[in-house]
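Take a look at the structure below.
The values are calculated or read from the model by the stated rules, or taken from the named source; none is laboratory data. Model, not experiment: these values are computed from the prediction. Note that each Cβ is placed from the backbone with ideal geometry, even for glycine, and that neighbours are counted across all protein chains shown. SASA here: full protein model, heavy atoms, side chains in, ligands and nucleic acids out. Shrake-Rupley method; radii C 1.70, N 1.55, O 1.52, S 1.80 Å.
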Amino acid sequence: QVRLVVPIAVAFSPGSVPTDLPRPLPFRDDQEMEITVNLRTTVTSHYEVMYRGTTAQEEAALAAATAREADAALRPLQGVSMGSLTMYVVPETSSLLPQGISVYVGKHRSALVRAGGSLAALQARLQQVTQLMSFTATSMAAALSDRVPDGRLSPDSRRSLKSSLGYEITFSLLNPDPKSHAVDWDIEGAVNCYVKPVLDKLSLVANFSVDSQILYYAVLGVTPRYDKESSSFLLSTHSLPHVINPVEARLGSSAASLYPVLNFLLYVPERSHSPLYIQDKDGAPVSTNAFHSPRWGGIMVYNVEASASPQASLPLHVDVDMARVMEVFLAQLRLLFGLSREELPAEFLLESPGNEGLADWELDHLLWAHTVENIATVSTTLTSLAQLLDKIGNIVIKDDVASEVYRAVASVQSAVAKLGKGHLHSAFQASKEAVTSSERAFFDPSLLHLLYFPDDQKFAIYIPLFLPMAVPILLSLAKIVRETRQRKKEPTKMD
């Protein structure tokens, strides 16, 4: 049973304090909510809310012209504790928030909330913001998807990758027609400019390695349909799953990888199939001309503009617009990590994370989900190991294996305890250590079950060997016994 504690500070600026407060500021109010995963597993979310007034420095920051400027000015005034949130309540007449917007969620761990009159209305709005910036029942169910009964999870919640200690990202350029197209892409510059800031932020979650490759004569394996009206080729939604397998056989990146591999493919269609467009379920062209596969990666089709003169020399030189390509791939990367923006009320305004790719509170969102998932993974691994050892009575457990098991148990208990205190970062680190120790113990070569045989298998192996040898021995023993008895019965002759 896991208890997640979220420390929240609600700061009222002058003119925004509700008239129906139960007691004068500052005061504390704790709220709890249970998330039921299955009959045996529940996650308790505990919100420690501290209501207070704003400080002079915070009031000066809230006097900024725009919400974005106020968010930047408030950043140094907040604590750096991961998993903690700060809500600044501004008066209903405040011009800081745009017209029609009642909630502004910044790039860091704070939000601006317009006062809603009564405390109950304000608390309902604060609860929405808190769940958005920390975790929801849906995100917890997705993290514990292995324990959720079938049918209770939506297909979207199974899109995100499972928690891992590392990930490998591979960017591949597929050029099926090098005779017609000489494609040039600045992948190194694009990775340093667009991908590296995102991975630097995500380095707290896992280790990342990035590589790239160019594959020539690599086709999609699906023949697109020609559309006379648009004079183009189309890939329909139902044919997209058949695109991946033929291409994946050429990638070769996952064969020697210890960690999950994320594949991002840029496909330049051959000249005979250009231009090529992807259709959605309704038959309309997809604006990005790309699609993604859950827990695998994404593919983007990059059409080359046909040359105006038919006598143009081949191959045509193509410079890929990496800004447009990376915008699509980073959006797919967010989807793979479960950072897709859920449907929000119209009065919510979320600040773009900018070049970093994800906001601080989105990083916390990932840490909450991965910590709970790691704890569940360790629990499952150690339970499986215990069941294996119970089945094989004569198995030998070495001291280093035992110490890894003890370390995993201690680390997972530490992670649960730290979650209960609201220390998200240290809880996540402890859960990573628990996963590492439990995996080392479970996959230790000395515990390979094929080294040990159940008793019935031993009899099955040794009886055919010893039975042919035992038959003449047993017959000889029987003959000796008979002769001994006969000697005793015969009378001895006396002179």
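Distance between the 7 Å Cα→Cβ label points at Ala63 and Asp227: 5.8 nm. Let me make sure I get this right: for the stretch 185-226, a, b and c are the square roots of the gyration tensor eigenvalues over alpha carbons, sorted descending. Under 1.5 in a/c it's rounded, otherwise prolate if a/b > b/c, else oblate. Which is it? Prolate shape, in that a/c is at least 1.5 and a/b is the bigger ratio.
Checking the cross-link pairs Lys201/Lys432; Lys201/Lys281; Lys162/Lys196; Lys201/Lys398 against a 29 Å limit on the alpha carbon distance flags Lys201/Lys281; Lys201/Lys398 as lying beyond it. Output needed: percent of Cα pairs per 5 Å distance bin for the stretch 161-337, bins running from 0 to the one holding the longest distance. Calculated P(r), rounded to whole percents: 1, 7, 17, 20, 20, 16, 10, 5, 2, 1, 0.
The base-10 log of I(q)/I(0) for the chain, evaluated at q = 0.09, 0.11 Å⁻¹, reads -0.81, -1.07 [Debye formula, identical scatterers on Cα atoms, solvent excluded]. Only Cα pairs under 8 Å and 6+ residues apart enter the sum, and on that basis the relative contact order of the stretch 360-447 stands at 43 percent. Here the gap between Leu258 and Leu474, fully extended at 0.36 nm per residue and compared with their Cα-Cα distance, gives a gain of 72.1 nm.
Relative contact order of the chain: 16 percent, from C-alpha pairs under 8 Å at least 6 residues apart in sequence.
Extension gain for the segment Asp456 to Asp282, taken as residue separation times 0.36 nm less the Cα-Cα distance, is 56.6 nm to one decimal. Across the stretch 101-223, the relative contact order, built from alpha-carbon pairs under 8 Å that are at least six residues apart, equals 25 percent. Rounded if a/c is under 1.5, else prolate if a/b is larger than b/c, else oblate: which is the stretch 44-190, with a ≥ b ≥ c the root eigenvalues of its Cα gyration tensor? Verdict is oblate for the stretch 44-190. Students often get this wrong: which residues of the stretch 176-218 have the backbone nitrogen under 15 Å from the point 7 angstrom along Cα-to-C-beta of His425? Under cut-off, by backbone N: 201-206.
Rounded to a whole number, what % of the accessible area of the chain do carbon and sulfur atoms account for, probe 1.4 Å?
Whole-percent figure for carbon plus sulfur exposure: 56.
Rounded to 0.05, the FRET efficiency of the Ala417 and Arg485 pair, given R0 = 60 Å and the Cβ-Cβ distance, is 0.20. May I ask you to list the residues of the stretch 108-122 whose amide nitrogen lies under 20 Å from a point 7 Å from Cα along the Cα→beta-carbon direction of Gln99? Only 114-115 pass the distance filter. Restricting attention to the chain, close to 30% of DSSP beta bridges with both partner residues there are antiparallel. Taking label points 7 Å from Cα along the Cα-to-Cβ direction, Phe27 and Asp321 give a separation of 5.8 nm.
From the square roots a ≥ b ≥ c of the eigenvalues of the alpha-carbon gyration tensor of the stretch 104-236, which class results: rounded (a/c under 1.5), prolate (a/b over b/c), or oblate? Prolate, because a/c is 1.5 or more and a/b exceeds b/c.
Modelled this way, with points 7 Å down the Cα-to-C-beta line, the labels at Arg3 and Glu343 are 3.6 nm from one another. Beta bridges per DSSP, both residues in the stretch 161-337: antiparallel share near 20 percent.
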